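Okay, so here's the structure we're looking at.
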Amino acid sequence: MGALVERSSRLSHQALFERDLHSAEQIPLLDKQIDRFYKQIEVDCVAIMTLEAPVAHDLRCLSAFMQLVRDLERIGDYAKDIGEIAVKNFPYPPHPCLPDVAIMSHQAQSMLATSLVSLAELDGVGGRRMKELDNDVDDSYERLYQTLASQRDIQGAVEPILLLGLAIRCLERMADHATNIGQRVAYIVTGQRS
């Protein structure tokens with residue numbers, strides 16, 4: 001499931017920044033697969049909880065996995081949203097702040113990859129470090145939002161500015177969910193919430 005979400009995130013980046021409509025068309029198909037995994041993993045976790053009656057660490061793992069897969073599913077949804085934004089933005093010339101948005105997208109993708117490595121390795125320290133990375137994305141969001149919101153004397157349509165505002169919000173939320181994954185990994189390892 002994590003690999004599908006990473007792929008969806010990469011495709012959304014290609015759709016928006018490389019103006020690749022084929023990538024945008026692939027994202028909804030991946031999203032359906034992600035949703036199926038999410039539902040199946042949740043059903044499997046509930047079945048284990050009810051049939052096996054796990055305790056302590058095992059119960060903590062199952063609980064965290066149920067929340068963690070929801071975070072992954074939401075990242076997939078935001079990737080789909082960015083793909084839709086890319087399609088709507090396609091007719092317009094590239095906005096001057098697009099390179100900065102691309103950097104923010106790379107930051108969010110890196111956070112997703114880092115959170116998945118933390119999960120695979122059950123690295124609680126790496127999971128906790130996600131919050132620091134999230135601060136960088138939050139700073140990018142604030143800076144880009146102010147840039148977009150303070151534009152004056154706009155020539156032509158306002159839609160591309162609105163679309164980029166939506167895109168940076170999606171990226172910021174993707175980073176938040178990657179942070180949640182890291183914090184859930186730390187919880188699995190330590191049993192303590194941060």
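Any read-out appearing in this document is the output of simple, stated calculations on the displayed coordinates, not a laboratory observation. Predicted model, so just to flag it, every value in this text is computed and none were measured. Methodologically, a virtual Cβ is constructed for each residue, glycine included, from the backbone with ideal geometry; neighbour enumeration extends over all protein chains shown.
Odds and ends about this structure:
- The dipole here belongs to the chain: it is taken about the Cα centre, uses +1 on the Cβ of Lys and Arg and -1 on the Cβ of Asp and Glu, and is about 160 debye.
- Alpha carbon centroid spacing (whole Å) that separates segment 1-62 from segment 117-168: 22 Å
- Theoretical ellipticity at 222 nm over the chain - DSSP helices of four or more residues, -39500 (n - 2.57) apiece, nearest 500: -29500 deg cm²/dmol
- Among the GluC sites (Glu not before Pro) in segment 15-55, those located in a DSSP loop and surrounded by at most 16 other Cβ atoms within 10 Å of their own Cβ are GLU18.
- Cross-link partners of LYS39 among lysines, defined as those whose alpha carbon lies under 25 angstrom from its own and excluding same-chain residues fewer than eight positions apart: LYS80.
- Shape metrics for the chain, restricted to C-alpha atoms - Rg then Dmax, Å: 18.1, 64
- Each Lys or Arg adds one and each Asp or Glu subtracts one; over the other residues with Cβ under 15 Å from the Cβ of GLY126, this totals 0.
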